[in-house]
Amino acid sequence: MSAVLTDMQGAVAPATTKAIAPSRGQRPWTFYVLASLFTLYVLALYGPMICIYILSFQDIRGGLVFPMKGHSLHWFVDLFTQVRTGDVKGSFDRSIKLAVIVTIITVVISFLAGLGFRRRFAGDAVVFYMMIGSLVAPGLVLGLGTGLLFQALGLNASWYTSALGAQLSWTLPFGVLVMFAVMSRYNRAWDEAAYDLGASRWQTIWLVIVPVLAPGIVAVALFGFTLSYDEFARSLQTAGSLNTLPLEIWSMTLNVTSPSLYALGTVTTIISFIVIGASLGTIVLIQKKRGSRAKG
Amino acid sequence: MQSSQTPPRANLAGWLCVSPLVAVLVPFFVAPILVVLAASFFATDGFGGLTPGFTLSNYIEVLHSALTLKLYLATIKFTVLTWIFTLIIGFFVAYFLVFHVRNQLLAIGLFLLCTVPFWTSNIIRMISWIPLLGKEGLINQALLATGAIHQPLEVLLFSDLAVVIAYVHQLTIFMIVPIFNSMARIDKKLIEAAIDAGASRFDIMRLIVVPMSKSGIALGTIFVVSIVMGDFFVVKVMSGGGSASVVSAFYEDVGVLQYPTAAASAVLLTLVLVAVVSLILRTVDIRQEITR
């Protein structure tokens, strides 16, 4: 069958010139239409964000709209020194600590769940749909439920207990879904090969599965960190008396009408970009190392 | 069922692996939902105190209020509009990346370019429309300069239009990723065969690409619908307080400690959401799709 298909390819080639997306030759008009749509989409995606980064570098006369009024770091200094804008420094600190804790827990639990879901087991659908439910449930409602639950149990809501749990109910479904995508490319025969060579179950996990899945595990960590770091709806009723950064931003959008709001946006996005860059860089590095080892 | 044939040892190993996941989801997903469900039957003293008991008055209050219908209509309007725009943009962006970009590495790079903002703050991305859409924003400035309008347009910011723009801006990515995934699995030979058989480009789109991306569209729809229906901050900020949705009204209720009515309205919303999601799930086996 496949031989027939490969034989046919030569004959098919000329016809592909009028395909929806020929692999060579003249591009159809739809290419240019869709390429413009794509460009517009990317412009609309990044354009507004870039506007607020630029506007955050105004001087003291600055407002919320263009034109730029001077250039300075005034609003960044303002952000971290003024009491008016709230406890930005403290919430930064808490958000990063929380995101690190969430990342570690998300990676470990998602990896284990990914291993578990490789085979069907009695009741697996219950766990699966519980996870989907946790993903699609309105965050504010879940947050309120968690808050009331802590109240009923006489526990104090705080960012490292109730908010931690509430955030995990959001990051874990994403982590497990990413694990599913990664696991689907893992060949079970590699497990068998490891067992045949005398590896124990733990050795197979540590020396075969973890290294093979390493890029996917980095991706899970990226989801864990960024989703926690920006999480808002579920934290609102569960963070207790001390704010995380997104809660601080939320209260600023309601009260602050100066470019310090934009400055905060610039600072938090820089952190996000560093994390994204480091994660994607690590993934590329792992793949490259593999490529060179396979060649050499 | 397949699972009844699995040996007990495999069941045990499976449960051991997912037990930490269950240990988080039970107290932080199942229990909070049950608490909200219970609170919806409680009475209140009006000051945030809850009296355990069983009353349907919260539901009666919610269902009898003319406001409820208005809130649901507004929520449905936002959901449908956002869904249409994210679907159209998401579908064609994914289609472009899969079928028109010839260099695979470039396609992955462009795909990442679309996904990076997903990992940054939603609130910041939302407020970043203010310098563009505001009364003195860039769009009004540009339109005034070209002479297309003589008064700045007020409908751009703090309006339903701004709400939909912010939603589409944030959520199109949730359509692009699953649709891209299902399209990337379509065998290119299938399309070449269709061309050989004399199919037009439109036929290929209608008979091959759309049906084979159905599961991606369904997954994206679940994300977009559940996020828009569960959102409150975009509606609150981008409408300037002019519009409300079911959850933004819930937020106001919670703010004035009206927990039982808020809980009753949340339970109703959850039921609607479950109905919509299971309707979508009937068209596609999501689990098989994800684990494939």
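Read-outs: derived from the displayed coordinates by stated rules, not from any lab. Model, not experiment: these values are computed from the prediction. All Cβ positions, even for glycine, are placed from backbone atoms using ideal geometry, and neighbour counts span all protein chains on display.
Structure summary
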| read-out | value |
| --- | --- |
| Ranked by how many other beta carbons lie within 10 Å on average, peptides A:40-50, A:252-262, B:132-142 from highest | A:252-262, B:132-142, A:40-50 |
| Under the Karplus curve 6.51 cos²θ - 1.76 cosθ + 1.60, θ = phi - 60°, whole-Hz ³J(HN,Hα) for region B:167-183, x wherever Gly or Pro sits | 4, 4, 4, 7, 9, 4, 4, 5, 8, 4, 4, x, 5, 4, 4, 6, 5 |
| Amide proton proximity set for A:L242, modelled H, under 5 Å, gap of 5+ | A:W159 |
| Relative compactness, chain A, computed as alpha-carbon Rg over 2.2 N^0.38 Å | 1.30 |
| Sequence-distant residues sharing a close amide H with B:A43 (under 5 Å, placed H) | B:T51, B:G53 |
| Under DSSP loop assignment and at most 12 Cβ neighbours within 10 Å, longest trypsin sites (Lys or Arg not before Pro)-free interval of chain A | A:186-296 |
| Part-to-part distance (alpha-carbon centres) for region B:76-135 and region A:113-141, which is given in Å | 27 |
| Per-residue average of Cβ from other chains inside 10 Å of B:131-141 | 4 |
| Pair B:V30, B:M205: separation of 7 Å Cα→Cβ label points (nm) | 4.7 |
| Whether chain B is rounded, prolate or oblate, judged on the alpha carbon gyration tensor where a/c under 1.5 counts as rounded | oblate |
| Relative exposure of B:M212, B:M238, judged by other C-beta atoms within 10 Å (fewest first) | B:M212, B:M238 |
| Shielding of A:50-57 by partner chains, average beta-carbon count, 10 Å | 3 |
| Rg ratio (alpha-carbon, reference 2.2 N^0.38 Å) - the protein assembly as shown | 1.03 |
| Cβ-Cβ FRET estimate between A:T81 and B:E154, R0 fixed at 60 Å, reported to 0.05 | 0.95 |
| Ranked A:W202, A:W190, criterion: other C-beta atoms within 10 Å, fewest first | A:W202, A:W190 |
| R0 of 35 Å, Cβ-Cβ distance B:A184-A:A193: FRET efficiency to nearest 0.05 | 0.75 |
| Filter on A:K97/A:K288; A:K69/A:K89; A:K289/B:K189; A:K288/B:K214; B:K70/B:K236; A:K288/B:K189 - keep pairs with C-alpha separation over 23 Å | A:K97/A:K288; A:K69/A:K89; A:K289/B:K189; A:K288/B:K214; A:K288/B:K189 |
